[in-house]
1. Applying the selection to the stretch 52-80, what residues are among the charged types (D, E, K, R) and either surrounded by 12 or more Cβ atoms within 10 Å (Cβ to Cβ) or under 20 Å from E13 (Cβ atoms) (or both)?
2. Filter the stretch 116-134 down to the residues that are in a strand (DSSP E or B), among the aliphatic types (A, V, I, L, M) and at pLDDT below 95, then identify the one that is surrounded by the fewest Cβ atoms within 10 Å (Cβ to Cβ).
3. State the number of residues belonging to the stretch 79-111 that are out of contact with any Leu (no Cβ under 9 Å at 6 or more places or on another chain), closer than 21 Å to W64 by Cβ and of a type outside the set (K, R).
4. Sort out which residues of the stretch 1-31 are in a loop (DSSP other than H, G, I, E, B) and among the charged types (D, E, K, R), and write them in order of number.
5. Within the bounds of the stretch 10-26, is there any residue that is polar (S, T, N, Q) and under 18 Å from Y147 (Cβ atoms)?
6. Taking the stretch 43-70, which residues are at pLDDT 95 or above and either farther than 24 Å from E144 by Cα or not in a strand (DSSP E or B) (or both)?
7. Specify which of the listed residues (D81, D103, D48) is on the phi > 0 side of the Ramachandran plot and not polar (S, T, N, Q).
8. Which residue, of D125, D103, D138, is among the charged types (D, E, K, R) and under 14 Å from the mean Cα position of the chain (by Cα)?
Amino acid sequence: MSMQRLILEKMKEKLLELAWVNTVDYEKIRLFESDFHEHELPLIQMYDQRERSKHVQGRTQVEWSVSVEVVMQSKETDIVDQGVLLDRKFEVKKKIGENVRLDLGQEPATTGRFIHMAYRGSLTDLHLIPPMFMARLDFDALYEEPYTGIC
């Protein structure tokens, strides 16, 4: 399994611990209002943004940018506003920050060596896909991967 997939799996595992979330996903990315199903919300989805690598001997040092998107919808019984969205965003940041190593580190040398998750910032958008409330948090996963040999 790739290091990137391992990272997303571990992030998913951690984020599912949040009591308010119904769905955490990285396999199916939702882009349009019609892609979101009511039973999935509130939803967290994670997706690849960019990879920067530096070749060092037989390995690459990687900074992989991953976005974590919180998607919520206001309902009569569960009102969502900017304050609620900001609180949820903070909880996601805190959850990843509790264990920036994501319990990775015992992977075989052929997979690579995980270093940690670095928080890079966020963006809140209340009007991107009405009636959804969305926030994006950006992280860099720092790790090494074998390239021409074992790390």
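1. Across the stretch 52-80, the qualifying residues are R59, E63, E69, D78.
2. Across the stretch 116-134, the extreme among qualifying residues is L123.
3. Of the residues in that region, 10 qualify.
4. Selection gives E17, E27, K28, R30.
5. No; the residues of the stretch 10-26 include none that is polar (S, T, N, Q) and under 18 Å from Y147 (Cβ atoms).
6. L43, I44, Q45, E69, V70
7. Matching residue, one of D81, D103, D48: D103.
8. Among D125, D103, D138, only D138 is among the charged types (D, E, K, R) and under 14 Å from the mean Cα position of the chain (by Cα).
The values are calculated or read from the model by the stated rules, or taken from the named source; none is laboratory data. Predicted, not measured: the structure shown is a model, and the values here were computed from it. Don't worry about glycine lacking a Cβ; one is built from the backbone with ideal geometry, like all the others, and counts go over all protein chains shown.
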